[in-house]
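*Asks:* What follows is a single structure, and I will ask about it in a moment.
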Amino acid sequence: MARKRAKAPAARETVTTVVVMRLYVAGKAPNSVKAIANLEAICRRYLKDRYKLEIVDVCEHPQRALADGVFVTPSLSKLSPAPTSNVIGNLSDTDNLLAALGLPAGDLQ
Amino acid sequence: MRPEPAALSPSDIQAEAAFKDWVRRLVRGAAELQAFEGGQIDAVMDPESGNAILLPEAQAALQGTSRLVLNALDALPGEVCVLDSTGAVIITNRAWRAFVVAHAGAGLGVREGANFLEACRDAGAREHVQAEAVATGLHQVLAGGLELFRCDYVCYSPGGRCAFSLNIVGIARDGPVHAVVTRENVSERKRVDASRISGRTKAGRIAAVMQAGTTNRLLATLPAKEYEQLLGGLEPVQLTYGEVLYEPGEPIRHVYFPSDCLISLLTVVDGHRALEVGLVGREGMVGSRLAMGSTNSSVRALVQGTGRAMRMKSTRFLREFQRSPTLQRALFRFTDALMIQVTQTAACNRFHVVEERLARWLLMTRDRMLSSEFHLTHEFLADMLGVRRVGVTSAASALRRQKLIRYARGVITILDQRALEAAACSCYQRVQVMQLEAATHTA
């Protein structure tokens, strides 16, 4: 089943940009587990609650991956804000991940 | 799915190479290829079959995880088994297997490959009611109607009487629901609890007995001096739904004074069919036949509502009975009231419709349990009323439609007692009036 993790923006912030992402994983396979852990660590550190992440398990929902044009997992799609981007692999390359999410390295917001 | 790739035979190596070539053709773009070559990919999508195909490393890791999970199950002290959607046992842990060996198939000790529901159906006469309740709970979990089913039950194995606590949890994935059954032997804990209740000292024991015993009205009618005389022989016990206290023809070893539990007296016909002929709660005792000079039970005494009771060894009870005229009078009064109930029930079972009888039975249960909510299955009620299950279901539905009761997940709740009294047959009121008259005349 696809897990949805939605974080509501903080009440005090009036103008916020929420980063919307979808991560495709293969069950509890090692790279998939690492990818989830790496992504959540980055999100907690850089985005606080300004993100929405949906995790799709391709073992259970292969048709979703095919429909979205995803051929390998783990695979992260940043859906908004524009421009969209993709990162393949276990997301251990933090700089690459930050660049794909449009976050300058070392920028703690 | 691909076959296992880790083996080293030349054909496997060839297959491995062919698979990698296939993936390289499939992946698009440098990033995907780079991640694949760097070992950061778990699965690729096969556009032809529409399935996700795990890479050899991911497969091996997941198999390792599966083994680890099985080992972890074995390390648990409690008994665990996993059932598929048909109730077949597909995984058991070490503690479960040890139980199966120790109890020789009794007490729902089901082997891997056997079916748990069938084991419930084939349970012995003494465990029949409890096994039926477990089967009903399991059916509900597997049908997705219930997330967790929990019950206590007692089993009689060659090793003696054991008390268990059983949990059944549904695992709902996209496919059919599976179930995890966990069981804990609580005999020791119950024994410790009972000894804690009874206390180590005589004074503590008597205080505990007084506390638990005064809720039994038969004991409460005794003068303080008589009651104190009995205290030394009374022992608080916890009785569990479905537990059988006596079978017809078996010797009566203890008499029971219910505090907040409920006991059904059933007459067994043709060796297997049973019909309830009497209901005993806090107003009376079970085993009063001893006082009439018989040492064996004529009925099956079945615990129908879990709760506490005081019990006394038969020999001690007979001594006390012969010694105390007050106890004799109290017992005769109760036996008379029970006779009124039994004779009225006999006529009621013959002449009144199921719906009226069900309403009467629910009211009688409520009066004795002092609760408007009780755990019951339709099968159990069918046994109590001597009708087929469909008869109970339609009668219960009729009462539910009139908003007199609520029925959900094996729990019946009386919503409107007055209206239920109106829906019951005249036997309910009649027994109450006759018992009241009898009590007034003898008092």
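The values are calculated or read from the model by the stated rules, or taken from the named source; none is laboratory data. None of these values were measured; they are calculated from a predicted model. Glycine also receives a Cβ, built like all others from the backbone with ideal geometry; neighbour counts cover every protein chain displayed. Areas reflect the complete protein model, heavy atoms only, side chains present, ligands, DNA and RNA absent. Shrake-Rupley method; radii C 1.70, N 1.55, O 1.52, S 1.80 Å.
*Asks:* How do B:116-124, B:81-89, B:65-73 rank on mean C-beta neighbours within 10 Å, highest first?
*Replies:* Top of the packing list down: B:81-89, B:116-124, B:65-73.
*Asks:* I would also like to ask the following. Between B:Glu112 and B:Thr65, take the C-beta separation as r, use R0 = 25 Å, and let me know the FRET efficiency to the nearest 0.05.
*Replies:* 0.75
*Asks:* Below 26 Å Cα-Cα, how many Lys pairs turn up in the protein assembly as shown? Only count pairs eight or more apart in sequence, or on different chains, if you could.
*Replies:* 25
*Asks:* Return the value, in Å² to the nearest 100, of accessible area buried between chains B and A (probe 1.4 Å, both sides summed).
*Replies:* So the buried area, both faces added, is about 1800 Å².
*Asks:* Could you give the Stokes-Einstein D for chain B in µm² per second, using the C-alpha Kirkwood radius, 10 °C, 1.306 mPa s?
*Replies:* Diffusion coefficient, whole number: 62 µm²/s.
*Asks:* Over all pairs of distinct alpha carbons, what does the Kirkwood formula give as the hydrodynamic radius of the range A:22-100, in Å?
*Replies:* Taking every pair of different Cα atoms in the range A:22-100, averaging 1/r and inverting gives 12.6 Å.
*Asks:* As I understand it, the value is the acute angle between the Cα axis of helix B:94-103 and the longest principal axis of the Cα atoms of chain B; what does it come to in degrees, rounded to 10?
*Replies:* Its long axis makes an angle of about 40 degrees.
*Asks:* Using only Cα atoms and rounding to the nearest 10 degrees, what angle (0 to 90) does helix B:128-142 make with the longest principal axis of chain B?
*Replies:* 40
*Asks:* Radius of gyration and Dmax for the range B:280-353's Cα atoms, expressed in Å?
*Replies:* Values for the range B:280-353 (Cα only, Rg and Dmax): 14.0, 45 Å.
*Asks:* At 1.4 Å probe size, with the rest of the protein present, what percent of the exposed accessible area of the range A:22-100 is carbon and sulfur atoms?
*Replies:* Taking all protein chains in place, the range A:22-100 shows 52 percent carbon and sulfur surface.
*Asks:* Please compute one quarter of the surface area of the Cα convex hull for the range B:274-432 and express it in square nanometres.
*Replies:* For the range B:274-432, the mean projected area of the Cα convex hull comes to 9.6 nm².
*Asks:* Separate question: Expressed as a rounded percentage, what relative contact order does chain B have, with Cα pairs under 8 Å and six or more residues apart?
*Replies:* So the answer I get is 10 percent.
*Asks:* Can you give me the accessible area per residue for the range A:22-100, using a 1.4 Å probe, in Å²?
*Replies:* Heavy-atom accessible area per residue stands at 40 Å².
*Asks:* In whole Å, largest first, what are the principal axis extents of the Cα atoms in the range B:227-330?
*Replies:* 41, 28, 20
*Asks:* Take every residue in peptide B:53-64, count the Cβ atoms of other chains within 10 Å of its Cβ, and give the average of those counts.
*Replies:* So the per-residue partner count for this stretch is 3.
*Asks:* Can you compute the equivalent ellipsoid semi-axes for the protein assembly as shown, i.e. the square root of 5 times each eigenvalue of the Cα gyration tensor, sorted largest first and rounded to whole Å?
*Replies:* Ellipsoid half-lengths, sorted descending, are 64, 26, 23 Å.
*Asks:* Quick one: net charge around B:Asn93, please, counting Lys, Arg +1 and Asp, Glu -1 for every other residue with C-beta under 15 Å from its C-beta.
*Replies:* Its environment carries a net charge of +1.
*Asks:* Here's another thing I want to ask about it. If you fit an axis through the alpha-carbon atoms of helix B:427-442 and take the longest principal axis of the Cα set of chain B, what angle between them do you get, 0 to 90°, nearest 10?
*Replies:* Between the helix axis and the principal axis of chain B, the angle is about 40 degrees.
*Asks:* Separation of the range B:226-294 and the range B:377-443 by C-alpha centroid, Å?
*Replies:* Centre-to-centre (Cα) distance: 22 Å.
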